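First comes the structure, then the notes that go with it.
The values are calculated or read from the model by the stated rules, or taken from the named source; none is laboratory data. Just so you know, these numbers come straight off a predicted model, no measurement behind them. Positions of Cβ are generated from backbone atoms using ideal geometry, with glycine treated the same way; all protein chains shown enter the neighbour counts.
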Amino acid sequence: MIKKVILGLRPACPVGRPADALNCTFLVFLTIVTVLFHKKINSASLLISLYLVLFLIQTVLIYIKDRGGFFRFTYDLIFPTISILAIFDSLERLVHYINPKDIDPLLIRLDYVIFNGHPTVMIENIMVPFLTDILQVAYSSYYFLPVTLGIVLKFRKEDSAFDRSLFLIMLCFYISYIGYMLMPAIGPRYTINHLQNIDLKGLLIAQPLQELLNRLEGIKRDAFPSGHTGVALTVLYLAFRFEKRLFRIFLPFVTALIISTVYCRYHYVVDVIAGILLALITIFMGEMYYGYREKRVNINS
């Protein structure tokens with residue numbers, strides 16, 4: 001069944017990379033969801049326009065990428081980044097309208113059952129401003145890890161590894177987005193903030209970064225699963241596979257990032273566990289697809 005779903009990605013887009021087909025398919029999926037729920041979504045026409053424009057740009061880039069230079073760089077790195085971020089930003093106008101019941105109460109109970117308390121409150125015992133600064137920076141590094149991996153792979157002209165990595169990273173993002181739609185949650189910084197005994201304060205960096213992320217991300221009900229955990233682990237796996245030196249650089253950042261998701265009150269611990277499962281599912285599905293694809297190429301060649 002999983003193989004049929006994955007193989008079904010190809011027809012959604014003109015000839016291009018697997019990542020192109022995935023992106024087009026997800027845009028079609030979001031468009032269909034928006035049309036089906038348009039009476040509940042205040043910005044339905046705006047969202048549909050966004051998804052169609054992204055689809056059109058993706059299609060055009062597939063045909064003009066071979067002109068090289070700026071067109072190739074846009075196709076490889078700029079547009080995938082913009083598409084992922086634009087779709088993520090659109091979730092604020094989508095998720096709560098198609099699924100208005102947040103699952104935070106369930107996640108809070110699960111955390112409490114596992115730890116006999118609220119982890120974000122319990123962790124206050126080790127909070128110091130310097131550590132808060134470090135972990136807030138680590139949390140923010142999430143936005144640079146995939147881009148850094150992509151730039152290094154393209155610089156080394158490892159096109160096959162780049163295409164594979166782009167597909168897996170994009171797959172991880174989009175599975176997490178589906179998770180937000182099915183199981184919306186806003187996270188402990190909003191739901192149990194009244195239980196915290198001390199404010200989360202850093203020395204110099206933490207608060208400006210928190211304010212910047214709050215402005216950029218808004219409230220998208222994107223706590224479960226932890227996309228930060230899932231994407232970071234997927235990038236770490238790909239770095240280990242294709243760029244061992246980069247893996248050694250990424251490892252401490254990803255470790256601190258995962259810790260920061262709870263320390264900085266963005267996620268429940270069960271979100272992080274779900275994020276680990278998200279990475280495993282992404283790697284399994286992505287590698288299964290590429291294994292099948294390589295066999296097809298070998299048979300046809």
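Scanning segment 159-185 for residues that are without any contact (Cβ under 8 Å) to a residue 24 or more places away in the chain and within 16 Å of Gly227 (Cα to Cα) yields one hit, Ile178.
Across segment 66-88, which residue is nearest to Asp222 (Cα to Cα) among those that are touching a Lys or Arg at 6+ places or on another chain (Cβ under 9 Å) and surrounded by 15 or more Cβ atoms within 10 Å (Cβ to Cβ)? Filtering segment 66-88 for residues that are touching a Lys or Arg at 6+ places or on another chain (Cβ under 9 Å) and surrounded by 15 or more Cβ atoms within 10 Å (Cβ to Cβ), the one nearest to Asp222 (Cα to Cα) comes out as Phe88. Taking (1) modelled with pLDDT of 95 or more; (2) in the same structural domain as Pro208 (by TED's automatic domain parsing); (3) not basic (Lys, Arg) in turn, Ala86 satisfies each apart from (2). Only residues that are part of a helix (DSSP H, G or I) and more than 16 Å from the chain's Cα centre (by Cα) were counted in segment 135-163, giving 13. In segment 140-158, the condition of being surrounded by fewer than 17 Cβ atoms within 10 Å (Cβ to Cβ), hydrophobic (A, V, I, L, M, F, W, C) and modelled with pLDDT under 95 is met by at least one residue.
Of the residues making up segment 105-158, those that are of a type in the set (Phe, Trp, Tyr), in contact (Cβ under 8 Å) with a residue 24 or more places away in the chain and closer than 30 Å to Leu77 by Cα number 2.
Criterion applied to Asp222, Asp271 was being acidic (Asp, Glu), farther than 21 Å from Asn23 by Cβ, under 17 Å from the mean Cα position of the chain (by Cα) and surrounded by 14 or more Cβ atoms within 10 Å (Cβ to Cβ), and the one residue passing it is Asp271.
Output yes when any residue across segment 285-293 is of a type in the set (A, V, I, L, M), under 30 Å from Asp199 (Cα atoms) and surrounded by 17 or more Cβ atoms within 10 Å (Cβ to Cβ), and no when none is. No; the residues of segment 285-293 include none that is of a type in the set (A, V, I, L, M), under 30 Å from Asp199 (Cα atoms) and surrounded by 17 or more Cβ atoms within 10 Å (Cβ to Cβ). Every listed requirement among (1) over 18 Å from Gly275 (Cα atoms); (2) buried (at least 18 other Cβ atoms within 10 Å of the Cβ); (3) of a type outside the set (Gly, Ala, Ser) is met by Met183 save one, (1). Any chance segment 229-237 includes a residue that's assigned by TED's automatic domain parsing to the domain that holds Leu145 and farther than 24 Å from Ala19 by Cα? Scanning segment 229-237, I find no residue that is assigned by TED's automatic domain parsing to the domain that holds Leu145 and farther than 24 Å from Ala19 by Cα, so the answer is no.
Being surrounded by 14 or more Cβ atoms within 10 Å (Cβ to Cβ), among the small types (Gly, Ala, Ser), part of a loop (DSSP other than H, G, I, E, B) and out of contact with any Pro (no Cβ under 6 Å at 6 or more places or on another chain) is not true of Ala232.
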